[in-house]
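Before any comments, here is the structure.
The numbers here are math on the coordinates, done by the rules we state, and not lab data. Computed from a predicted model, the values in this text were never measured in an experiment. Counting neighbours? That spans all protein chains shown, and the Cβs are built from the backbone with ideal geometry, glycine included.
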Amino acid sequence: MKVDRLRLLNFKCYGESELGLERGVTVVHGVNGSGKSTLLEAVFFALYGSKALDDRTLDDVITTGEEDCEVELRFTHDGRSYRVERHLKLRGDRATTTKCVLETPTETIEGARDVRREITELLRMDAEAFVNCAYVRQGEVNKLIHASPSDRQDMIDDLLQLGALEEYRERASDARLGVKTVLDGQREVVENVREQVEQKEEKDLHERLNGLESRRADVVEKIDHYETQREQARETLQAAEDVLERHEETREEIDRLEGEIDDLRSKISETEADREDAKARIRELEERRAELATERDELVAEVDLEGDADEPGSAGDETDADAIAERIETLEARKEELRDELEAVKVAITESNGEIERLREEADDLEGQAEQARADADELASALEADEESIENRETNLEELDSEIESERERFVDAPIEFGDAAAHLEELEAERDELTDEIGDVTADIRAVENAIEEGERLLEEGKCPECGQPVADSPHVDALEEKREERDALEATRETLEADRAELDERIERAEALREAERRVEQLEGNRDNVEQLLEEKRETLAERREQREQLLEDADEYEAEAAEKRETAADLEDELGEKRAELGRINTERGEVRDALETLRRIAEIDDERADLESKIETHRDRRQDWQTMNDERRETLSSKRERKRDLESEFDDERVETARDDRENAQAYIGQVDDKLEELEENRTNLQNAIGAVERELEELEELRERLEAVEERCAHLESLYDEAETLQATYADLRSELRQRNVETLERLLNETFDLVYQNDSYAGIDLDGEYRLTVYQKDGEALEPEQLSGGERALFNLSLRCAIYRLLAEGVEGAAPMPPLILDEPTVFLDSGHVTQLVSLIESMRDQGVEQIVVVSHDEELVGAADSLVRVEKDTVSNRSRLEAGEPPEIELLASD
């Protein structure tokens, strides 16, 4: 894995920053407190989110004074590119994650938990494994060596995935016990099912079934006989109902024909009335056509048709229509010409008006500028007086700030710390309180566990079982364990009370330390304010002379503006005289346009009259056609009316009253017989249903008997399978335990070899001969004289370098173990030189160089040590702005110095 690019927005001490990382060794360099370690924390946070914050919260991530925070990390893993992005937002006093996205080459994953789970599977390590293997955080360089052998064993086993084998062994043990429980239950089921099979076999179910089926056959035969008789009665009933239905249909058809005859008579009358109305409408339309012809002749006489010899109305309508169309076209062309002339004159007038208005506006602006310049000059005169007074006030303010700063510093005279140490003192007290809080939490968890055990034990005792093993009390040697749990709980509660009292006392000390820290911040703020006042005072003095020069310049500009305004008003007066001639031309054009418009309206009315007369002629013809259609329609209706009257007379002659009466008698007799048969059939069918239910019950019992036999066989097979599974689980449990022991021994041997190789490289000219690592991960250092030393016996610098060697050896072990399947993340060292002197720093350079030569693709070292800069392939410098308190990044090239320490 290689980190490619990191982008930050409002992350702790960074505003908006972006950093690209290359292969090889990258050194992040800068003074203490500049924000170097924050870059590594940002990478860790981008990968694992809140799990990377230890005891801190998301609120601590967002830059003070900001509400939003963004972290984006691009990295390459196993030759494929990935991008993870997290956004935070401060809502009230609490920060929440508003966006968490991981883009992989195949999909996009959203949500903080899903992204963290995917990162863990991708790197094959969670956040804790990451800091135990690849990320040596500041102050934790001695973490592994200070850990107890059991804790060190757990850390390394988890990194090497051996912890999973113990979990699998425990699961196999739980599975074995679970199989035993299920097996005992299944054996009870076998006995229960066997008893049920014997009970049902004693009922002689097959003989009962044969008797019931014989009785059902007799009932079915009687039902068939009665159903045949009922069907014959239904046929007689249907024939009688057909005769009566035909009689009713004939009566209904006669009634319908009478209605249709009346309807035809009414429609014939209505249509004749419509013909008379159409005749009257034709007369009205012919009168309107004559009126329009008269109006047209009058209008034609009013217009000039360009020298036509005939008098208006003497020529035909067709000749007049052509002349009118030609005259309209001529007048419309003239109208367009006049419109163009009018537009041209309007444009000229508008331009002249615009020019006059522009000149007058410019004159007004110039006069306003002159007035404003004089007003500004007056304001500057007042400002000059105010500036002189402000300078005196700021000088007084400086004296007051000096006095207040001295007052705040006096608060440290009787304090247990010096001025400037309050932040570190407060941080130590808060760390101590966090440790107490964690310890209280652990004790509380232990209390809850013991209380749960007590509750479970009391429940088992009530059931007559042992509270430890769950066996009957008479067979258990641990009946008295419950009282020991109660004593343990009381001891834990006493411990918690003591810890809580210690924390309360520590809270009071923290409150006093916070007051001193606030005093330090107040002094910093006041000193900053004093610097700002001094700077502003100097600037005010410089601007005083500039304002005097500005006032004199404003007065000169005012005189120039007034002279230029007078010239522009004289030019505007000359243009006003030329505008009168253009307005007279505009009046002539408008008069002629009115005459043309009136002539066009008259000619268009004549054309409208011609169109209306043609429309009237069409309507008259339409009404004449309708009258003819209505006449034809009524002739057809009269023929239909005659046909329906004839059909009515034929139907009235078909009625036979005697036949209808006979049909009614047959219907009544058939209905009575069917009712009697239905009652008998209902009784027989109920009997058949009861027999069928009895047969079904016996058949169900036979099916249940067969199912019980099959179930008995299946449960017996399951018992055999569970017995086999119990043996397999027992074997699997032992296999996992043996496998973990074997793999741990292999890893111990490999880790010892790699650690000695790294150790030899770092201490090749020192007095140490080698390192021994036993199966329990206990470490022993041997001097060249054979004397054995515990790692804690080494000096501070040697112990730190020893731990770095151990971490690098573990990294190499993991890299060799998963090569080709899951490439390792970058090796990250945060301030590894804290406990090293110059000689040991040289050995650390050799260690870093060796890891690079052994194929570690990317190594990131955060340090303020200049010697490590020489070991870098690329360099990132970090500086903090003293004004904004924000960190800045600057990528650069490392100086060309010797990478390895000389002999």
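The figures follow:
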{"read-out": "Quotient of C-alpha Rg and 2.2 N^0.38 Å, computed over the range 1-103", "value": "1.07"}
{"read-out": "Directionally averaged shadow of the range 726-789, computed from the convex hull of its alpha-carbon atoms, nm²", "value": "4.8"}
{"read-out": "Sorted by Cβ density within 10 Å, fewest first, the residues Thr833, Thr96, Thr882, Thr602", "value": "Thr882, Thr96, Thr602, Thr833"}
{"read-out": "Estimated [θ] at 222 nm from DSSP helical runs (n ≥ 4, -39500 (n - 2.57)) normalised by residues in the chain, nearest 500", "value": "-26500 deg cm²/dmol"}
{"read-out": "Average silhouette area of the range 362-460, convex hull of alpha-carbon atoms, in square nanometres", "value": "18.6"}
{"read-out": "Calculated diffusion of the range 824-885, Stokes-Einstein form, Kirkwood radius summed over Cα pairs, 4 °C and 1.567 mPa s, µm²/s", "value": "100"}
{"read-out": "Value of Rg/Rh across the range 25-79 [Cα atoms, Kirkwood radius]", "value": "1.00"}
{"read-out": "Semi-axis lengths, Å, the range 247-289, gyration tensor of Cα atoms, sqrt of 5 times eigenvalues", "value": "42, 6, 4"}
{"read-out": "The chain, dipole about Cα centre (Lys/Arg Cβ +1, Asp/Glu Cβ -1), debye to the nearest 20", "value": "3740"}
{"read-out": "Ser642, Ser805 arranged by Cβ crowding within 10 Å, fewest neighbours leading", "value": "Ser642, Ser805"}
{"read-out": "Residue-count net charge about Leu90 - beta-carbon cut-off 12 Å; Lys, Arg +1, Asp, Glu -1", "value": "-3"}
{"read-out": "Hits among lysines - C-alpha to C-alpha of Lys582 under 30 Å, sequence gap 8 or more where chains match", "value": "Lys335, Lys346, Lys568"}
{"read-out": "Cut-off of 10 Å, at most 16 other beta carbons, DSSP loop: longest stretch of the chain lacking such chymotrypsin sites (Phe, Trp or Tyr not before Pro)", "value": "1-418"}
{"read-out": "For the range 528-639, Kirkwood radius (reciprocal of mean inverse C-alpha pair distance, Å)", "value": "25.0"}
{"read-out": "Calculated P(r) of the range 218-310 - Cα pairs past 23 Å, %", "value": "71"}
{"read-out": "Charge tally in the Cβ shell below 12 Å around Gly420, where Lys, Arg are +1 and Asp, Glu are -1, Gly420 excluded", "value": "-1"}
{"read-out": "Distance-filtered residues of the range 681-702 - backbone nitrogen under 15 Å, label point 7 angstrom along Arg208 Cα→Cβ", "value": "691-702"}
{"read-out": "Ellipsoid semi-axes in whole angstrom, largest first, where each is sqrt(5λ) of the Cα gyration tensor of the range 485-554", "value": "66, 10, 5"}
{"read-out": "In nm, spacing of pseudo-spin labels at Glu595 and Glu418 (7 Å Cα→C-beta vector)", "value": "11.2"}
{"read-out": "Residue (of Asn353, Ile268, Leu39) at the positive-pole extreme of the chain, dipole from beta-carbon charges", "value": "Leu39"}
{"read-out": "Greater than 29 Å apart at Cα, pairs in Lys51/Lys880; Lys36/Lys784; Lys267/Lys619; Lys51/Lys89; Lys12/Lys99", "value": "Lys36/Lys784"}
{"read-out": "q = 0.18 Å⁻¹: log10 I(q)/I(0) that the Debye formula gives for the range 87-127, counting C-alpha atoms only", "value": "-0.58"}
{"read-out": "Packing-based exposure ordering (other Cβ within 10 Å, fewest first) of Met824, Met633", "value": "Met633, Met824"}
{"read-out": "Kyte-Doolittle mean at least 0.0 and Cα axial length at least 27 Å: DSSP H helices in the chain", "value": "796-817"}
{"read-out": "Segment Glu552-Asp184, length gained on full extension (0.36 nm per residue, minus Cα span)", "value": "121.3 nm"}
{"read-out": "Amide N of the range 600-621 lying under 19 Å from the label point, which is placed 7 angstrom from the Cα of Ala293 along Cα→Cβ", "value": "606-621"}
{"read-out": "Per-q log10 I(q)/I(0), the range 610-709, q = 0.14, 0.16, 0.22, 0.25 Å⁻¹ (Debye; single scatterer per alpha-carbon; no solvent)", "value": "-0.89, -0.94, -1.10, -1.17"}
{"read-out": "Share antiparallel - DSSP beta bridges, the chain, percent rounded to 5", "value": "75"}
{"read-out": "Paired Rg and Dmax values of the chain, which use every Cα atom, in angstrom", "value": "56.0, 150"}
{"read-out": "Relative packing of peptides 183-192, 690-699 - highest average C-beta neighbours within 10 Å first", "value": "690-699, 183-192"}
